[in-house]
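Each remark here refers to the structure printed beneath this line.
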Amino acid sequence: MWRSRGDGPERERLAEMAGEASADAAVAMESQLDQPPAPPDLTAAAFFDVDNTMMMGASIFHFARGLAARKYFTTSDLAGFAWQQIKFRVGGRESHSGVQSSREQALSFVAGKTVAEMNQVGEEIYDELMADKIWSGTRALAEMHLNAGQRVWLVTATPVELAAIISRRLGLTGALGTVAEHVDGVYTGRLVGDMLHGRAKAHAVRALAAREGLNLRRCTAYSDSSNDIPMLSVCGTAVAVNPDAGLREIARARGWEIRDFRTGRKAAKIGVPSVLGAGAVAGAVAAGMAYRRR
C-alpha cells in the first residue's frame, strides 16, 4: 500500500528524511516554549495521530475550509479536496498516489507565503472550525498520560505548524508533522523529504525518541488508520482509536487495545494500567488542502 514497485528505496529514503526533519522541528518548537518542570517519567511518552483519532474528520480539510473562506483559493478547489476525503472515508484508507497528487498540486499554493502568516491564520481557524471537533474520549486518554508524568506528542501528515497549534491548544507537549522548506521565513514550495505519512511517522517517532531519551518499549501509540501500523508497531503499546476496518482486523489479531468513540458503536473496554503499562505550513497544505481536479 505504501510502496510502489521500483521506488521502494527512494520512498524509504524520503520517509526517513521526513521523519528526521519532523523530529528536529518538534524539538526546536519545544525549546521555544516556556516549559513546565520536567515530567517525573522521562522515558515513557504517548504519540497520537490527529485525523479521526484526536479530531473528528481531517484537520487539513478544516484548515482548507478556513482558507477558502478567506479567499486563499476557490470553492471548487475545496470541493475537489472534499471529494478526495469522501473517497478516503468510504474506502477506509488513503492511497499514496492520491496523497502524492494532492501534495504536488498544492505546493504551488504555499510558495511565497510566510510562516508567520500561516501561523496567524492557523490560530484563527482552530478557534473557528477545529476546537469543537476534538474527541473528548481521546483527549482524556492524552490527559491520562500527562497526569502520569509522561510527555504527549501529536503525529500527523498535517503541516507541522498547524499540528503545533493543535498540540498547544490541547496542552500537550508538542507535535510531529510534515515539514515544509522555508528560507528567511518564506515557504519555497518544497517539502523536506516527504509528507509525514505511513512509514515516515514511524521514522519520526524513532528519531524523536533518540533525541528525547525515550524508551519506545515504554511508549504508547494511538491511531485510527491502518496506514499508521508502522508507527503503532514501534511502540510497546498500541491502541486503535475509532479504527478503520483494516486496523480493527490487525488490532484484534495482535491483541491491541481498541477504543471507539463514534456514535452508535460499542467501545472496547480499556484500563488505565493497560495503556500506561509496558509499554503519537503550510507546506503540507501540500497534504491536500488545495487539491485541484485535473
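The values are calculated or read from the model by the stated rules, or taken from the named source; none is laboratory data. If you're wondering where the values come from, they're calculated on a predicted model, not measured in any experiment. Cβ coordinates were reconstructed from backbone atoms using ideal geometry, including for glycine residues, and neighbour counts include every protein chain displayed.
May I ask you to list the residues in region 109-127 that are among the aliphatic types (A, V, I, L, M), closer than 16 Å to Thr188 by Cα and either in contact with a helix residue (DSSP H, G or I) (Cβ under 7 Å, 6 or more places away or on another chain) or surrounded by 20 or more Cβ atoms within 10 Å (Cβ to Cβ) (or both)? Lay out the reasoning, then the answer.
Going residue by residue through region 109-127, those that are among the aliphatic types (A, V, I, L, M) are 110-111, 115-116, 118, 121, 125.
So of that shortlist, the ones also closer than 16 Å to Thr188 by Cα come out as 110-111, 115-116, 118.
The answer is Val110, Val115, Met118.
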List the number of the failed condition for Gly288; all other conditions in (1) farther than 21 Å from Ala148 by Cα; (2) at pLDDT 95 or above hold. (2)
For region 222-234, indicate whether the set of residues that are surrounded by fewer than 19 Cβ atoms within 10 Å (Cβ to Cβ) and on the phi > 0 side of the Ramachandran plot is non-empty. no
Got a sec? Which strands (runs of 3 or more DSSP E) wholly within region 141-249 have at least 1 residues that are at pLDDT 95 or above and farther than 19 Å from Arg11 by Cβ? 151-159, 174-178, 220-223, 237-241
Pro273 vs (1) under 19 Å from Ala202 (Cα atoms); (2) in a helix (DSSP H, G or I); (3) at pLDDT below 55: all pass except (1)
Could you list, in sequence order, all residues of region 245-263 that are surrounded by fewer than 21 Cβ atoms within 10 Å (Cβ to Cβ) and touching a Gly at 6+ places or on another chain (Cβ under 7 Å)? Ala245, Gly246, Phe261
